[in-house]
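Q: Structure provided below as structure tokens; questions to follow.
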Amino acid sequence: MLWGLHPTILFRMIQAAVLPALFYAASAWSTVIRFRTRLRSLDRVLRLCGICTLGLLRTVSHDAACMLAGFLPAEFFIRQCLVQFYLRQLTYDRDLLAPDDTHRRLNPILSPRDVLHRELLQLETSGHASQSMCRRVERRLYWPTDPSFSAWAPSVTILDRDAAISQFRQAREKTSSDTLWIFTDGSLDGFNCGAAAVIFRGATIEGQPVSLRFVGLHSTTQVELVAIKLGCEHTLPLGYFSSIILVCDSQSALLGLGTSQGCSQLSAQTRRALHTLSLHTSDLRIWWVPGHVGISEHDLADDTAKKAACSDTVPYLFDVPFCATILKCRIRAHYVSRTTDWWNSFTQGHDLRQVLPSFSSDLSWTATLSRKEAALVAQFLTGHYPSQSYLRRFGHPVDGSCLWCNAPTDDRVHRLIHCPRFDYHRQRLSQEISSRSRGTFAWTWDYLVSKGRRYLAKFLLIVRAATS
Ligand SMILES: [Zn+2]
């Protein structure tokens, strides 16, 4: 099957349209993972998805099609759906595993709750995440009726990137002594996070820095929001000012402050702090400036945050919720790892396993190839590629020998490395590889099936032209 849309487009379409329909409400029927026969029908659809995405031949197995096209097998996908559903419910402040009399055991053998419990234990053992980490996920807030403070929305000014420095300098020079400037920034170094705010009175160049540190699975937006909240809280005891200008370099944090329904927990807390601050001044302005463009006051906040992230003497903040996106990625990584283990647990050899030892849903290798080239390479990698030995294996009336040099076995290795019919093309492509990689790579099996797939595609097109 060499026609159709490009693999990357088809992959997205299947992810957006087929998988949500196929696994609709999978968390409710997740106990199906006990029955191999019931999973088989789902796996058949996933195999077809893999075949359509990459243009594979119809003889390819389910596991090879899914592994190469980047679709998790049905069993792991359902398990992942269940844990992600648990996490999503936690963001709505609903703990599905909380002790509750209303959760009576309807199924005496196994309920989705039991499956979830086991999955979370495995997740904890793997080290990717744990139930306690999931329980610390940041809540999304939905209001039945808007609380009073949500009627107030901070007004954010986005300074033009090119004119930011001159605009900012002019504003700083004209500043009266009754104006307060707050510069905030956050720093993320793995699990270590630092949030800082530097407060300047009027046009003075001496700032008052304050910082906090915390540890965990946090996003840059969260760190920035903590920094803004910190700046607001430290400004309140300083008294009344005619004007307060808060300067931050995170657009996602500032734009999130304008959301009422579905806003994050930290966003709501920061907005509340800004609202309280607005009562202590007649003019509260919030500016976004690009980071690292030479604004010394903002660079000071950045340095303070970086130092706070790796310092033991800075005050520690305990109750910062974890980022849902990071937790979701870690849950995904857990199931990718389990799929790889499953893939490597087959006792029989597999043509694809030699070139694809671990699961990946990354189809970027097809980006520089046409649909036809990507299909030929994918067929070649799975071993379901129309060489003479493949045709004999699937019952065609051929003896499996090479059409051109009469070698007894015409398989993938023979065509790619040995067959003299393609010596000229092999030599030409080999020179191209050598000159482009400055002698680092050569015409070898390992290179062609991994990093050199675009040269493999060129070679396969030549072979196809010779056979047709
Ligand atoms: Zn040959």
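Q: Regarding the stretch 410-422, can at least one residue be identified that is over 23 Å from residue 351 (Cα atoms) and in a helix (DSSP H, G or I)? Steps first, please.
A: Taking the stretch 410-422 first, the residues over 23 Å from residue 351 (Cα atoms) are 420-421.
So of that shortlist, the ones also in a helix (DSSP H, G or I) come out as 420-421.
Checked against the condition, which is being over 23 Å from residue 351 (Cα atoms) and in a helix (DSSP H, G or I), the stretch 410-422 yields at least one hit.
Residues are listed down the side, and each one gets a yes or a no for (1) hydrophobic (A, V, I, L, M, F, W, C); (2) under 15 Å from residue 376 (Cα atoms); (3) surrounded by 13 or more Cβ atoms within 10 Å (Cβ to Cβ):
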{"residue": "416", "(1), (2), (3)": "yes, yes, yes"}
{"residue": "433", "(1), (2), (3)": "yes, no, yes"}
{"residue": "440", "(1), (2), (3)": "no, no, no"}
{"residue": "468", "(1), (2), (3)": "no, yes, no"}
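Q: Quick check on my filter: what residues within the stretch 379-396 are in a helix (DSSP H, G or I) and either among the small types (Gly, Ala, Ser) or more than 15 Å from residue 356 (Cα to Cα) (or both)? It would help to see each step written out before you state the result.
A: Step one: list which residues in the stretch 379-396 are in a helix (DSSP H, G or I), which gives 379-382, 388-393.
Once the filter is applied, which keeps residues that are in a helix (DSSP H, G or I) and either among the small types (Gly, Ala, Ser) or more than 15 Å from residue 356 (Cα to Cα) (or both), the stretch 379-396 yields 388, 389, 390, 391, 392, 393.
Q: Determine whether the stretch 440-462 contains at least one residue that is aromatic (Phe, Trp, Tyr), within 16 Å of the ligand (Cβ to nearest atom) and touching a residue at least 40 places away in the same chain (Cβ under 8 Å).
A: Yes - at least one qualifying residue is present in the stretch 440-462.
Q: Could you run through the stretch 365-409 and say how many residues are loosely packed, with under 14 Cβ neighbours inside 10 Å and of a type in the set (Asp, Glu)?
A: So the count comes out to 1.
Q: Just one of the numbered conditions (1) in a helix (DSSP H, G or I); (2) of a type in the set (Asp, Glu); (3) out of contact with any helix residue (DSSP H, G or I) (no Cβ under 6 Å at 6 or more places or on another chain) is not true of residue 95; which one?
A: Status for residue 95: all satisfied but (1).
Q: Among the residues that make up the stretch 230-240, is at least one of them modelled with pLDDT under 90 and touching a Cys at 6+ places or on another chain (Cβ under 8 Å)?
A: Within the stretch 230-240 (the criterion being modelled with pLDDT under 90 and touching a Cys at 6+ places or on another chain (Cβ under 8 Å)), the answer is no, since none of the residues qualifies.
Q: Applying the selection to the stretch 160-203, what residues are more than 25 Å from residue 220 (Cα to Cα), surrounded by 11 or more Cβ atoms within 10 Å (Cβ to Cβ) and acidic (Asp, Glu)?
A: Once the filter is applied, which keeps residues that are more than 25 Å from residue 220 (Cα to Cα), surrounded by 11 or more Cβ atoms within 10 Å (Cβ to Cβ) and acidic (Asp, Glu), the stretch 160-203 yields only 178.
Q: What number goes with the only condition from (1) buried (at least 17 other Cβ atoms within 10 Å of the Cβ); (2) closer than 15 Å to residue 65 by Cα that residue 362 does not pass?
A: That leaves (1) as the condition not met.
Q: Can you tell me which residue is nearest to residue 373 (Cα to Cα) among those in the stretch 23-62 that are touching a His at 6+ places or on another chain (Cβ under 8 Å) and of a type in the set (D, E, K, R)?
A: Within the stretch 23-62, the match that is nearest to residue 373 (Cα to Cα) is 47.
Q: Let me ask another. Checking the condition modelled with pLDDT of 95 or more and assigned by TED's automatic domain parsing to the domain that holds residue 342, which residue from 69, 25, 16, 64 passes? If you could, list the steps in order and put the result at the bottom.
A: Values: 69 fails: modelled with pLDDT of 95 or more; 25 fails: modelled with pLDDT of 95 or more; 64 fails: modelled with pLDDT of 95 or more.
From the options 69, 25, 16, 64, the qualifying one is 16.
Q: Within the stretch 406-415, can you find the residues that are within 7 Å of the ligand (Cβ to nearest atom) and touching a residue at least 60 places away in the same chain (Cβ under 8 Å)?
A: Those that are within 7 Å of the ligand (Cβ to nearest atom) and touching a residue at least 60 places away in the same chain (Cβ under 8 Å): none in the stretch 406-415.
Q: Same structure again: Look through 403, 381 and report the one residue that is within 16 Å of the ligand (Cβ to nearest atom) and of a type outside the set (Gly, Ala, Ser).
A: On the way: 381 fails: within 16 Å of the ligand (Cβ to nearest atom).
Being within 16 Å of the ligand (Cβ to nearest atom) and of a type outside the set (Gly, Ala, Ser) holds for just one of 403, 381, which is 403.
Q: Restricting the search to the stretch 300-334, which residues are among the acidic types (Asp, Glu) and loosely packed, with under 14 Cβ neighbours inside 10 Å? Write out each step before concluding.
A: Step one: list which residues in the stretch 300-334 are among the acidic types (Asp, Glu), which gives 302-303, 312, 319.
Of everything in the stretch 300-334, those that are among the acidic types (Asp, Glu) and loosely packed, with under 14 Cβ neighbours inside 10 Å turn out to be 312, 319.
Q: Now for a different question. Looking at (1) modelled with pLDDT of 90 or more; (2) surrounded by 13 or more Cβ atoms within 10 Å (Cβ to Cβ); (3) among the hydroxyl-bearing types (Ser, Thr, Tyr); (4) farther than 16 Å from residue 56 by Cα, can you tell me which one residue 424 breaks?
A: Status for residue 424: all satisfied but (2).
The values are calculated or read from the model by the stated rules, or taken from the named source; none is laboratory data. Owing to the predicted nature of the structure, the values given are computational and were not obtained by experimental measurement. Neighbour counts are summed over all protein chains in view; Cβ atoms, including those assigned to glycine, are modelled from backbone coordinates with ideal geometry.
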